[in-house]
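Report on the following structure.
The values are calculated or read from the model by the stated rules, or taken from the named source; none is laboratory data. Quick caveat: nothing in here was measured; it's all calculated off a predicted structure. Reconstructed Cβ throughout: ideal geometry from the backbone, glycine too, with neighbour counts over all protein chains shown. All accessible areas refer to the heavy atoms of the entire protein, side chains included, with ligands and DNA or RNA removed. Shrake-Rupley method; radii C 1.70, N 1.55, O 1.52, S 1.80 Å.
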Amino acid sequence: MVWQTRPSEALATLANETFDVVVTDLQMREMNGLELCERVALNRPDVPVVVLTAFGSLDSAIAAIRAGAYDFISKPVELDVLSIAIERAANNKRLREEVKRLRIEAEAETWPRDRELVGESAAMRAVHDLISRVATSEATVLVIGESGTGKDVVARMIHKRSRRASAPFVAVNCAALPEHLLESELFGYVRGAFTDAKENHPGLFVQARGGTLFLDEVGDLPLLLQPKLLRALQERAVRPLGAKSEIAVDVRIVCATNRDLETAIEERRFREDLYYRLNVVQVPLPPLRARGGDILGLALGFIRHFASVSQKNVKGFSKEVGQKLVSYAWPGNVRELQNSMERAVALTRLEEICVDDLPEKIRDYRFSHVVVAGNDPAELVPLDEVERRYILRVLEAVAGNKTAAARVLGLERKTLYRKLERYGVETKS
Ligand SMILES: Nc1ncnc2c1ncn2[C@@H]1O[C@H](COP(=O)(O)OP(=O)(O)O)[C@@H](O)[C@H]1O
Ligand SMILES: [Mg+2]
């Protein structure tokens, strides 16, 4: 227990330590008890406040509850009444924490939001390696990659494996809200800060306290909010709209974007100083077409998942489907693959997905459409991916005749088999 006679000191102590309950008088010199209630409700919404009110003063009791107090007792204080009130408040806090913990656990079990990254390609192994090295640090992480490459999954994995795992993971999509809403969502506001501000709103920085704040699509953060974010990161504090003081926030930042931030900087859409703040550790996620070796493993995982949730007996896919999947270019990346498999599982009448269950786009895709390297830098792929594509292209051209393909490629048949097996096109059976 900490006993303090000055409200400002009490607030400072509260910012740095955890307490079960705050008990306060209403009449105090430097700050009135109602204001203290409001500030605790804003800064430490998790800590209940019990207010001592003058005997028979219903008005001040109501005002205290309005200001966010959990309970009030009237003076003169009887010790057993006080101790019951404190116990009730502390129990309430424990229950709320329990609910929060259960909610987080329940969320962790839902699929696929909290799934792990599937993929054994060199590119994905590098991503895994980076995640495990960076997760336990406090460094700000910038995840970059096209839409559907798994940026959300990476952000959640980093949180789950960090020391902050039991604290909240709060995600906000910077592209989804208009500027003023995003501002009040992120930084919060106090009652009366603007017409609709009927209550104090702590804001996402405060909600994520102790945990991780995931700023998704950070490349779309409105220019006017960028200095405010930069300041929050530098000072590790936020000032809610209309508030007189700043609130210290201990949050780890992970952000993601599918934009090229360096171009955005050149075009003056993104502040360079903010970029350097965010880009401490960069986790690049390659597009699915640059890690073709992962496609079939991913597809099988998705099929098993959707088969089990829809209680259908679907075990896998035909050889032809496998060939279509590895040759398609997947502009929508893993998300597109996942959606296609969900659809196929829903449509199929067999235990094995067949070509007719695939979306037309994929069914009719010819491997010969794949250029090995176009002019778009985003289309450039690793050398072994070029090899994979070329081998598949040759195989297609010789109508799947492996002896002929091996001859064209100048490979031993055994070598060709080994490669095809690695691509998941052909399995020993
Ligand atoms: N490597 C992966 N393994 C398993 N599932 C993945 C993988 N990458 C992405 N997904 C799934 O694909 C979908 C899109 O991923 P998401 O992280 O939302 O992409 P992004 O945020 O980059 O647009 C999600 O449902 C996610 O669970
Ligand atoms: Mg995303």
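All of (1) on the phi < 0 side of the Ramachandran plot; (2) buried (at least 18 other Cβ atoms within 10 Å of the Cβ) hold for Gly68 with one exception: (1).
Do we have Leu181 as more than 12 Å from ligand 1 (Cβ to nearest atom), open to solvent by less than 60 Å² (accessible area, probe 1.4 Å) and of a type in the set (A, V, I, L, M, F, W, C) here? Steps first, please.
Values: more than 12 Å from ligand 1 (Cβ to nearest atom): yes; open to solvent by less than 60 Å² (accessible area, probe 1.4 Å): no; of a type in the set (A, V, I, L, M, F, W, C): yes.
Answer is no for this residue.
Just to be sure, is Ala167 without any contact (Cβ under 8 Å) to a residue 24 or more places away in the chain, more than 16 Å from ligand 1 (Cβ to nearest atom) and of a type outside the set (Phe, Trp, Tyr)?
Values: without any contact (Cβ under 8 Å) to a residue 24 or more places away in the chain: no; more than 16 Å from ligand 1 (Cβ to nearest atom): yes; of a type outside the set (Phe, Trp, Tyr): yes.
When the stated conditions are applied, Ala167 does not pass them.
Screening the stretch 337-359 for residues that are closer than 21 Å to Val118 by Cα and buried (at least 19 other Cβ atoms within 10 Å of the Cβ) and picking the one that is nearest to ligand 2 (Cβ to nearest atom) gives Gln338.
Every test in (1) more than 12 Å from ligand 1 (Cβ to nearest atom); (2) touching a residue at least 40 places away in the same chain (Cβ under 8 Å) is passed by Thr195 save one, and that test is (2).
Report, by residue number, each residue of the stretch 38-68 that is assigned to a strand (DSSP E or B) and of a type in the set (A, V, I, L, M).
Those that are assigned to a strand (DSSP E or B) and of a type in the set (A, V, I, L, M): Val49, Val50, Val51, Leu52.
Listed by position, the helices (runs of 4 or more DSSP H) contained in the stretch 261-340 that have at least 1 residues being away from ligand 1 (no atom under 15 Å from the Cβ), outside the structural domain of Cys174 (by TED's automatic domain parsing) and of a type in the set (Asp, Glu) are 319-327.
For the stretch 126-153, which positions are in a helix (DSSP H, G or I) and more than 7 Å from ligand 1 (Cβ to nearest atom)? Before the answer, list the steps.
First, pick out the residues of the stretch 126-153 that are in a helix (DSSP H, G or I): 126-135, 151-153.
Within the stretch 126-153, Ala126, Val127, His128, Asp129, Leu130, Ile131, Ser132, Arg133, Val134, Ala135 meet the criteria.
Every test in (1) open to solvent by 20 Å² or more (accessible area, probe 1.4 Å); (2) away from ligand 1 (no atom under 13 Å from the Cβ); (3) modelled with pLDDT of 90 or more is passed by Ala175 save one, and that test is (2). The residues of the stretch 22-35 that are modelled with pLDDT of 85 or more and either touching a Lys or Arg at 6+ places or on another chain (Cβ under 7 Å) or closer than 17 Å to Arg239 by Cα (or both) amount to a single one, Glu35.
Across the stretch 185-205, which residue is farthest from Val153 (Cα to Cα) among those that are surrounded by 15 or more Cβ atoms within 10 Å (Cβ to Cβ) and out of contact with any strand residue (DSSP E or B) (no Cβ under 6 Å at 6 or more places or on another chain)? Write out each step before concluding.
The first filter runs over the stretch 185-205 and keeps only residues surrounded by 15 or more Cβ atoms within 10 Å (Cβ to Cβ), leaving 185-191, 193, 197, 200-205.
From what's left, out of contact with any strand residue (DSSP E or B) (no Cβ under 6 Å at 6 or more places or on another chain): 185-186, 190-191, 200, 202-203.
Numbers: Glu185: 23, Leu186: 22, Val190: 33, Arg191: 36, Asn200: 32, Pro202: 26, Gly203: 24 Å.
The qualifying residue farthest from Val153 (Cα to Cα) is Arg191.
Looking across the stretch 121-146 at every residue that is touching a helix residue (DSSP H, G or I) at 6+ places or on another chain (Cβ under 7 Å) and open to solvent by 30 Å² or more (accessible area, probe 1.4 Å), the one that is modelled with the highest pLDDT is identified as Glu146.
Does Pro168 satisfy being more than 16 Å from ligand 2 (Cβ to nearest atom) and open to solvent by 30 Å² or more (accessible area, probe 1.4 Å)? For Pro168, the condition - more than 16 Å from ligand 2 (Cβ to nearest atom) and open to solvent by 30 Å² or more (accessible area, probe 1.4 Å) - is not met. For the stretch 124-160, a residue qualifies if it is touching a Ser or Thr at 6+ places or on another chain (Cβ under 7 Å) and more than 16 Å from ligand 2 (Cβ to nearest atom), and the qualifying residues are Ala135, Thr136. Considering the conditions (1) aliphatic (A, V, I, L, M); (2) at pLDDT 95 or above; (3) part of a helix (DSSP H, G or I), Leu224 is excluded by exactly one of them, (2).
Scanning the stretch 217-235 for residues that are open to solvent by 10 Å² or more (accessible area, probe 1.4 Å) and out of contact with any strand residue (DSSP E or B) (no Cβ under 9 Å at 6 or more places or on another chain) gives Pro222, Leu223, Leu224, Pro227, Leu230, Gln234.
Given the criterion at pLDDT 75 or above and closer than 17 Å to Ile295 by Cβ, identify the matching residue among Arg393, Arg407.
Working: Arg407 fails: closer than 17 Å to Ile295 by Cβ.
Every option except Arg393 fails the conditions.
Against the list (1) more than 17 Å from Thr257 (Cβ to Cβ); (2) within 16 Å of ligand 2 (Cβ to nearest atom), the condition Arg163 fails is (2).
With respect to (1) over 30 Å from Val190 (Cα atoms); (2) surrounded by fewer than 21 Cβ atoms within 10 Å (Cβ to Cβ); (3) at pLDDT 90 or above; (4) in contact with a helix residue (DSSP H, G or I) (Cβ under 8 Å, 6 or more places away or on another chain), the lone exception for Arg277 is condition (1).
Can you say whether Lys93 is part of a helix (DSSP H, G or I), under 26 Å from Arg161 (Cβ atoms) and either open to solvent by 60 Å² or more (accessible area, probe 1.4 Å) or modelled with pLDDT under 90 (or both), as far as the supplied structure shows? For Lys93, the condition - part of a helix (DSSP H, G or I), under 26 Å from Arg161 (Cβ atoms) and either open to solvent by 60 Å² or more (accessible area, probe 1.4 Å) or modelled with pLDDT under 90 (or both) - is not met. If you check Phe214 against the conditions, is it more than 16 Å from ligand 1 (Cβ to nearest atom), open to solvent by less than 10 Å² (accessible area, probe 1.4 Å) and not in a helix (DSSP H, G or I)? No, not satisfied.
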